Ligand code: ATP
């Protein structure tokens, strides 16, 4: 699996639809793509777009304050846009996730009115689905797959448990940790439901006994 294409439209400085095609591996070796340009031309906005489409929620990481800061805000020649869209296309010919698809397209959209959506291969998805999919692909927004300025320093100075998070994603156990967390939540909810059911039974039981007595009396009569 590798990053095949990135399509950005209305995201930060990318008013026009911009498509970045990344080279496929050659002779078993992955390619390297460099993005060059003057200061402030939007190089880091590309890595922000990759983080964002993978579900990044922290506006600090995305170098903004409010979520709508990622929508193109207008320039001297063009007015502001109403929607930001980023599509990340992963080559899945090794069938690492969703084996029925040769390509996996993850889309994230945000509208100025606050509505937002995620799509996986054109079908609506939840943020949880994106997290699970990326965890299966061992590719996630928090991991070493996006190494930003200062990430290495941070990796050396964080606490051992935070450092373990990086290693968990690299080793592929994140998927199971997410599933375990979901199961634990379901279990807690089921225990709560059982508790409510038991309380209801205790409440209804005396009434039921009384009704039984009344039925017997009526039958005798
Ligand atoms: P440097 O080399 O200094 O790190 P860079 O090439 O990485 O810069 P970015 O930080 O990616 O540049 O881009 C900054 C530019 O993006 C600024 O010109 C800023 O005005 C523009 N920008 C950021 N958000 C928006 C937005 N919502 N609408 C329009 N332009 C935006």
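The values are calculated or read from the model by the stated rules, or taken from the named source; none is laboratory data. Worth saying up front: this structure is predicted, and the values here are computed from it rather than measured. All Cβ positions, even for glycine, are placed from backbone atoms using ideal geometry, and neighbour counts span all protein chains on display.
Things worth noting here:
- Residues considered: 70, 87. Of these, the only one that is crowded, with 20+ Cβ neighbours inside 10 Å and either within 14 Å of the ligand (Cβ to nearest atom) or under 22 Å from residue 16 (Cβ atoms) (or both) is 70.
- Looking only at region 83-100, and only at residues there that are under 19 Å from residue 25 (Cβ atoms) and not in a strand (DSSP E or B), the one that is modelled with the lowest pLDDT: 96
- Scanning region 32-48 for residues being assigned to a loop (DSSP other than H, G, I, E, B) and near the ligand (Cβ under 6 Å from one of its atoms) gives a total of 5.
- Selection over region 1-22 of residues that are over 21 Å from residue 134 (Cα atoms) and either out of contact with any strand residue (DSSP E or B) (no Cβ under 9 Å at 6 or more places or on another chain) or not in a loop (DSSP other than H, G, I, E, B) (or both) gives a count of 6.
- For region 52-64, the condition of being within 11 Å of the ligand (Cβ to nearest atom), under 16 Å from the mean Cα position of the chain (by Cα) and surrounded by 11 or more Cβ atoms within 10 Å (Cβ to Cβ) holds for at least one residue.
- For region 156-179, the set of residues classified as at pLDDT 85 or above and either closer than 15 Å to residue 130 by Cα or in contact with a strand residue (DSSP E or B) (Cβ under 8 Å, 6 or more places away or on another chain) (or both) consists of 176, 177, 178, 179, listed by residue number.
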